[in-house]
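Trainee: One structure follows; several queries about it will come next.
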């Protein structure tokens, strides 16, 4: 294409274009870009109506030329939402003097009507109406439907009809226009879905209600995954649509998809307890259904819901009888909660006082057995196990010997990086030893500078200073011993290194608490005579450190709002590949660790 013509088409410079065509005698039908776009395609992108009218006056056939993507200028104008330009194209096609010659270029079977250009599809199977719908060009879609209602009868290569797209994109006025002016129209959608599926997914109540009035048979249709419209509305926040569907046809609540999930299960899985409870209100026996794995509503709620939403489900009288119902593997909801170490959900179930703690799964394991399997010595697992024991949970007979596993130290877990642990311990030990060494020679209160006690500690007779010296010495000796042990441990074998690391953990604890006592007593001996209340506050703050640490550890082991969410199986394909990589790596580490001696 002539660069000047291209620039004039982009800017809409009509006069310059006419002058160029007249002086250079340009054949506009031969002026094409690398993608076979003619000047009218360029104008359609930018919406210059006057320029388009001038081009059509010079060469009307430009309107019928498609580019490499199969797009006519009409497709481009509809995609861009240039409604006035679309009207210009429509008027031009209406006024074609000899349509037969023009339509022949379209490879159309209908060579008797110029309107056949509206029915031409591009390489994706989209008509101009499809393009307008895909980009939510409502005014353009209305204009095209008003001119040729046959456009509503088209289907693109993705299997999407204009009515389906209008429902999916919440274009209510277009849906109403199709029903009012189109005698025939297609209703197919992506992956076997119907317009009712699309309106349920988009959450448009008005469109859903209109579809039920005009096409009542759609309510029972399912897509390729076996899901009806209620499955999709139950997974969204559109509870009004779900209520309308259930009230119209209660049987929708009992339909299982290809995964064996009913809309009730889908609502629980999507953390929509209000929708699930609404379905229970209309269909109280739907809670008795199970999925393909035999899991009931409580199994799914434990896996996918937060504590509050699980509590709301357990308050439903229709679901109380499910608390001891096993799945196909014999696991009750308590087994499931225990498996994922969700302390508060375990506590919530046991607080109902109707849970069978002796229930065994197909492997003969009770909930307590499950809590002790795959022991990782983490706070959440320890908290669940302690709580089950406090409520009288029992082990199966052949699992009694496994209690000795709980004497295993965390450093004996497979895959623990002992080298990094020892390096960190050594660094902390040296730091504490340096601080305590310096503190021993800069005593609180200072030293006497007068005879006969020159050089003696000023406050040596104070009990607080004596406590400071003892705690500081304890910190220094423990830290120095820890550093030496770490040095020796790195020179020994793996078993010796683990043993020294376990002892050094105890020494580090002593050093840290010694530094706390040294700090508190040192501050107290200096300021107690002048401000007793401040000295007491300092001591209280120092004493609160271990209490706060213990409380935060306890709460963190029980409050796990994302523990179940992390266990969800609703991962994308890329995430699954990542998990496979991690699992393969873990298997290699485990194989390596199995070949090493362990220390208990």
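Trainee: Quick check on my filter: what residues within the range 28-42 are more than 43 Å from the chain's Cα centre (by Cα) and assigned to a helix (DSSP H, G or I)?
Mentor: Listed by number, the residues that qualify are 28, 29, 30, 39, 40.
Trainee: For the range 292-307, name all the residues that are out of contact with any helix residue (DSSP H, G or I) (no Cβ under 6 Å at 6 or more places or on another chain) and in a loop (DSSP other than H, G, I, E, B).
Mentor: 292, 293, 294, 295, 305, 306, listed by residue number.
Trainee: Taking the range 143-180 on its own, how many of its residues are in contact with a helix residue (DSSP H, G or I) (Cβ under 8 Å, 6 or more places away or on another chain) and not in a loop (DSSP other than H, G, I, E, B)?
Mentor: Of the residues in that region, 24 qualify.
Trainee: Determine whether residue 305 is free of Cβ contacts under 8 Å to residues at least 40 places away in the same chain and under 26 Å from residue 280 (Cβ atoms).
Mentor: no
Trainee: Let me ask you something else. From 136, 177, 170, 150, grab the single residue that is surrounded by fewer than 18 Cβ atoms within 10 Å (Cβ to Cβ) and closer than 21 Å to residue 89 by Cβ.
Mentor: Criteria check complete, one pass: 136.
Trainee: While we're looking at this one, here's another question. State whether one or more residues within the range 195-202 are within 22 Å of residue 90 (Cα to Cα) and touching a helix residue (DSSP H, G or I) at 6+ places or on another chain (Cβ under 7 Å).
Mentor: No, the conditions are met nowhere in the range 195-202.
Trainee: How many residues does the range 467-501 contain that are under 16 Å from residue 427 (Cα atoms) and in contact with a helix residue (DSSP H, G or I) (Cβ under 8 Å, 6 or more places away or on another chain)?
Mentor: Counting residues in the range 467-501 that are under 16 Å from residue 427 (Cα atoms) and in contact with a helix residue (DSSP H, G or I) (Cβ under 8 Å, 6 or more places away or on another chain) gives 16.
Trainee: Related question: Please determine whether any residue of the range 86-94 is outside any helix (DSSP H, G or I), touching a residue at least 24 places away in the same chain (Cβ under 8 Å) and buried (at least 18 other Cβ atoms within 10 Å of the Cβ).
Mentor: no
Trainee: When you scan the range 195-219, how many residues do you find that are farther than 16 Å from residue 242 by Cα and in a loop (DSSP other than H, G, I, E, B)?
Mentor: Final tally of qualifying residues: 1.
Trainee: Sticking with this structure for a sec: State all residues of the range 229-247 that are outside any helix (DSSP H, G or I) and either modelled with pLDDT of 95 or more or out of contact with any helix residue (DSSP H, G or I) (no Cβ under 6 Å at 6 or more places or on another chain) (or both); if no residue qualifies, say none.
Mentor: Those that are outside any helix (DSSP H, G or I) and either modelled with pLDDT of 95 or more or out of contact with any helix residue (DSSP H, G or I) (no Cβ under 6 Å at 6 or more places or on another chain) (or both): 236, 237, 238.
Trainee: Within the range 311-392, considering only helices (runs of 4 or more DSSP H) that don't extend past its boundaries, which have at least 1 residues that are more than 27 Å from the chain's Cα centre (by Cα) and more than 16 Å from residue 295 (Cα to Cα)?
Mentor: 343-350, 367-372, 379-390
Trainee: Would you mind telling me which numbered condition in (1) in contact (Cβ under 8 Å) with a residue 12 or more places away in the chain; (2) outside any helix (DSSP H, G or I); (3) closer than 30 Å to residue 505 by Cα residue 442 fails?
Mentor: Every listed condition holds for residue 442 apart from (1).
Trainee: Is there any pair with a first residue in the range 209-224 that is in contact (Cβ under 8 Å) with a residue 40 or more places away in the chain and a second that is in a loop (DSSP other than H, G, I, E, B) and surrounded by 15 or more Cβ atoms within 10 Å (Cβ to Cβ) whose Cβ atoms are under 9 Å apart and which are 6 or more apart or on different chains, and what are they?
Mentor: 211/194
The values are calculated or read from the model by the stated rules, or taken from the named source; none is laboratory data. Treat the numbers as computed from the prediction; the structure is a model and nothing was measured. When we count neighbours, we look across all protein chains shown, and the Cβ atoms used for this are built from the backbone with ideal geometry, even at glycine.
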